[in-house]
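Structure first, commentary second.
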Amino acid sequence: MNSNQSYQSNHPLADKYVTLKKHFGYEDFREGQEELIDCILDGRDVLGIMPTGAGKSICYQVPALMLDGITVVISPLISLMKDQVTSLNQSGVHAAYINSSLTENQINKAFDNAENGVYKIIYIAPERLDTPRFLHFVENADISLVAVDEAHCVSQWGQDFRPGYLSIAPFVEKLQKRPVLCAFTATATKEVKEDILCILGLCDPYTRITGFDRKNLYFAVKHVKDKRTETLRYVREHEGQCGIIYCATRGSVEEVYEMLCSEGIAAARYHAGMGSTERTQNQEDFIYDIKTVMVATNAFGMGIDKSNVRYVLHYNMPQSMENYYQEAGRAGRDGENAECMLFYAPKDVVTNKFLIENKESKKELTDEETASIRERDIKRLRDMTYYCTTKDCLRNYILRYFGEKVHGECGNCSNCLTEYEQHDITEIARKIVNAVYELHQRFGINIVIGVLRGSRAARILENHFDELKTYGSLTQYAESTLRQVIDTLIWENILYQTEDDYPVLRIGSDYTRLKDEETHIYMKSEIRHAKENTEKSSGKQLVRRGELSTEQHQYFEKLRVLRTEIARKEHVPPYIVFSDKTLIDMCIRMPQTKEEMLKVNGVGDNKLQRYGADFLKILRGE
Ligand code: ADP
Ligand code: ZN
């Protein structure tokens, strides 16, 4: 049941396609969705593990609309609930949310409505599950389905543990009739998966893990010295497009934000040091396309469903691949091409180590557990650093990291699009290892390189390192080249760098390879960019939008203006009216009638009724 091969539905309820089209405007299910929906409709519990943007919500929203009773969705974030409910209401589905952002009066009103059968779907925060009011409501209600969003919050292993999630299983047990229980997450590690299965009390669930590959995302790493200038250039190259810039610290958020504002770019900022009113306001400005660039720490983004984010730029390297992929994954949720760019500088490693070492430990953990978590974090940081320094396909690196098999190079990442040349570095490697040995494995990269290049720096002369045999043995190489070689040797386990505040170079476990005359060590280095970066970003980025002819493009801009007007009037984010993808499809198909309009991807009955006429007017050239 758990294979990832193409799926043939034998389900008699073909109406799910009708529901999908009618309410969401989509013709086809994405990978994994149909199976999960079929199982839910058959009354079986399910666990869906799918990357961000894969379309988890549809998996419970479609059955919710088809089952007789009410669906309760447990969700950890207020913004996420609000967004989903707005979106459902737009599609003509009656839904509501109950959480701490509502007043007591509003909550009572929502419950009254719920008791009168107004809502098909109710979103609720986990902490509200055992409140008397809610329990009273469910006692008399027909609950068909309970859906747990962000299910990894139940696990203490992850970073998002939420104690309220522990009350989900007891809540489900309390219900008179056991509903179908389904859980969704983007976190695929073994520990988290086991926690979900066991703590949520899923009963013989059908588990579906979809591929982690997001084909519409272009991955790139760039080693940059002057991050500010590069950032400005990057944002300018992507003018008019929505993007998120993630920084490691509040300080750098402020710095980048001010720089962009002073250059006249419509930027917003977000970090935990700001007041909640300002944070909410800035978040809305970004969601409503009033500000196009969001500069933020990782405090921003959980539950942000903005589908037209065209790039995610990491100003600093994050702490782990898990964090990176989750944050980068916020680009291109509408399925259109988008870019994930990471600006790397070796200093990022130092900053992150500092952050990991000074992280407050959780009270409920023993010292031993805290130490093992720290060790795990350091290992994750190392894997993240390798991502930034590898010369191999970045997508493959990501997929392998998440335990997937890869087939060939992707052709859509900065490494695949860069030409590299192989150098034999065996001889240089021998000299470096000798220098490390002569220095008794007690010094860091700078001293080792200084010795090899015959530096006259005070520290070298004072210690009489100029008397070493390896002193001045590699003067012909630039410092940066030797750094690259040392990085490669660390990667190959020929050298080893300690994790201290002042990391020291030691001989690694695989150094014996150098003793073998037959062995050669190679290093890849860049020849030149196959395509210059600017060309690549503006060219690749919006392939589909780029495919539009000038005339179609003019239509796109007109439709976009109309979309913004409607969004302002209705107080919803523009992408909730129609996604970029839907507008592009309109420009390609150029529907002239309502029937033709209904064929456009993302146009369902409800939206056709609401907006069809206005958009058709433009498309008919009226
Ligand atoms: P997740 O929760 O997995 O991160 P969402 O449920 O927010 O992802 O879906 C991401 C985007 O994909 C949304 O804009 C959603 O409308 C869209 N989407 C979901 N399913 C489909 C589908 N079958 N066809 C087209 N678009 C879809
Ligand atoms: Zn690649």
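Any idea which of (1) more than 16 Å from ligand 2 (Cβ to nearest atom); (2) outside any helix (DSSP H, G or I); (3) within 21 Å of the chain's Cα centre (by Cα); (4) of a type in the set (A, V, I, L, M, F, W, C) is the one residue 381 doesn't satisfy?
All conditions pass for residue 381, except number (2).
Given the options 327, 336, 278, name the one that is in a loop (DSSP other than H, G, I, E, B) and either out of contact with any Leu (no Cβ under 9 Å at 6 or more places or on another chain) or more than 16 Å from ligand 2 (Cβ to nearest atom) (or both).
None of the others qualify; the one that does is 336.
Hey, which of the strands (runs of 3 or more DSSP E) in the range 115-198, taking only ones fully inside, have at least 3 residues that are more than 16 Å from ligand 1 (Cβ to nearest atom), modelled with pLDDT of 90 or more and in contact with a Pro (Cβ under 7 Å, 6 or more places away or on another chain)?
Answer list for the range 115-198: 143-148.
Within the range 396-406, which residues are free of Cβ contacts under 8 Å to residues at least 60 places away in the same chain and either surrounded by fewer than 16 Cβ atoms within 10 Å (Cβ to Cβ) or away from ligand 2 (no atom under 15 Å from the Cβ) (or both)? Spell out how you get there, then give the answer.
So in the range 396-406, the residues free of Cβ contacts under 8 Å to residues at least 60 places away in the same chain come out as 396-397, 400, 405-406.
Of everything in the range 396-406, those that are free of Cβ contacts under 8 Å to residues at least 60 places away in the same chain and either surrounded by fewer than 16 Cβ atoms within 10 Å (Cβ to Cβ) or away from ligand 2 (no atom under 15 Å from the Cβ) (or both) turn out to be 400, 405, 406.
Of the residues that sit in the range 395-420 and are outside any loop (DSSP other than H, G, I, E, B) and charged (D, E, K, R), which one is nearest to ligand 1 (Cβ to nearest atom)? Explain how you work it out, then say what you get.
Here is the first cut: in the range 395-420, the residues outside any loop (DSSP other than H, G, I, E, B) are 395-401, 413, 418-420.
Checking which are charged (D, E, K, R) leaves us with 395, 400, 419.
Details: 395: 19, 400: 22, 419: 35 Å.
Among residues in the range 395-420 that are outside any loop (DSSP other than H, G, I, E, B) and charged (D, E, K, R), the one nearest to ligand 1 (Cβ to nearest atom) is 395.
Select from the range 553-587 the residues that are within 16 Å of ligand 1 (Cβ to nearest atom) and either farther than 14 Å from residue 288 by Cα or β-branched (Val, Ile, Thr) (or both) and list them in ascending order.
572, 576, 577, 581, 582, 583, 584, 585, 586
Checking residue 494 against (1) over 29 Å from residue 355 (Cα atoms); (2) surrounded by 20 or more Cβ atoms within 10 Å (Cβ to Cβ); (3) in contact (Cβ under 8 Å) with a residue 12 or more places away in the chain, only one condition comes out false. Which one?
So the condition that residue 494 fails would be (1).
State whether the residues of the range 346-359 include one that is crowded, with 16+ Cβ neighbours inside 10 Å and within 16 Å of ligand 1 (Cβ to nearest atom).
Taking the range 346-359 first, the residues crowded, with 16+ Cβ neighbours inside 10 Å are 348-349, 351-353, 356.
Right, trim to within 16 Å of ligand 1 (Cβ to nearest atom) and you get none.
The answer is no; no qualifying residue exists.
I'm checking my understanding of the structure. Among residues of the range 215-226 that are under 25 Å from residue 580 (Cβ atoms) and modelled with pLDDT of 90 or more, which one is farthest from ligand 2 (Cβ to nearest atom)?
This residue is 216.
Answer with yes or no whether residue 28 is among the acidic types (Asp, Glu), in a loop (DSSP other than H, G, I, E, B) and not assigned by TED's automatic domain parsing to the domain that holds residue 575.
Against the criterion (among the acidic types (Asp, Glu), in a loop (DSSP other than H, G, I, E, B) and not assigned by TED's automatic domain parsing to the domain that holds residue 575), residue 28 qualifies.
The conditions are (1) assigned to a loop (DSSP other than H, G, I, E, B); (2) within 27 Å of residue 349 (Cα to Cα); (3) in contact (Cβ under 8 Å) with a residue 40 or more places away in the chain, and residue 299 fails exactly one of them. Which is it?
(3)
For residue 393, all conditions in the list (1) within 16 Å of ligand 2 (Cβ to nearest atom); (2) buried (at least 18 other Cβ atoms within 10 Å of the Cβ); (3) touching a residue at least 24 places away in the same chain (Cβ under 8 Å) hold save one; what is the number of the exception?
(3)
Return yes when residue 62 is away from ligand 2 (no atom under 16 Å from the Cβ), in contact with a Lys or Arg (Cβ under 8 Å, 6 or more places away or on another chain), of a type in the set (Val, Ile, Thr) and within 22 Å of residue 600 (Cα to Cα) and no when it is not. Break it down stepwise before answering.
Numbers: away from ligand 2 (no atom under 16 Å from the Cβ): yes; in contact with a Lys or Arg (Cβ under 8 Å, 6 or more places away or on another chain): yes; of a type in the set (Val, Ile, Thr): yes; within 22 Å of residue 600 (Cα to Cα): yes.
Judged against the criteria, residue 62 is a match.
Kindly indicate which of 413, 388 is within 16 Å of ligand 2 (Cβ to nearest atom), hydrophobic (A, V, I, L, M, F, W, C) and either surrounded by fewer than 15 Cβ atoms within 10 Å (Cβ to Cβ) or over 23 Å from residue 351 (Cα atoms) (or both).
It is 413.
So residue 326 passes all but one of these: (1) farther than 30 Å from residue 489 by Cβ; (2) exposed (fewer than 15 other Cβ atoms within 10 Å of the Cβ). Which condition number does it fail?
(2)
Can we say residue 273 is in the same structural domain as residue 256 (by TED's automatic domain parsing), without any contact (Cβ under 8 Å) to a residue 60 or more places away in the chain, farther than 27 Å from residue 238 by Cα and part of a loop (DSSP other than H, G, I, E, B)?
Taking the combined requirement at face value, the residue satisfies it.
Among the listed residues 162, 133, which satisfies the condition of being within 22 Å of residue 85 (Cβ to Cβ) and surrounded by fewer than 15 Cβ atoms within 10 Å (Cβ to Cβ)?
On the way: 162 fails: surrounded by fewer than 15 Cβ atoms within 10 Å (Cβ to Cβ).
Result of the check over 162, 133: 133.
Report yes if residue 220 is in contact (Cβ under 8 Å) with a residue 40 or more places away in the chain, in a loop (DSSP other than H, G, I, E, B) and in contact with a strand residue (DSSP E or B) (Cβ under 6 Å, 6 or more places away or on another chain), otherwise no.
Criteria not met by residue 220.
Give the number of residues within the range 444-503 that are farther than 28 Å from residue 378 by Cβ and assigned to a strand (DSSP E or B).
Final tally of qualifying residues: 0.
What residue, of 93, 72, is over 26 Å from residue 282 (Cα atoms), part of a strand (DSSP E or B) and out of contact with any Asp or Glu (no Cβ under 6 Å at 6 or more places or on another chain)?
72
The values are calculated or read from the model by the stated rules, or taken from the named source; none is laboratory data. Quantities reported herein were computed from a predicted structural model and do not represent experimental measurements. All Cβ positions, even for glycine, are placed from backbone atoms using ideal geometry, and neighbour counts span all protein chains on display.
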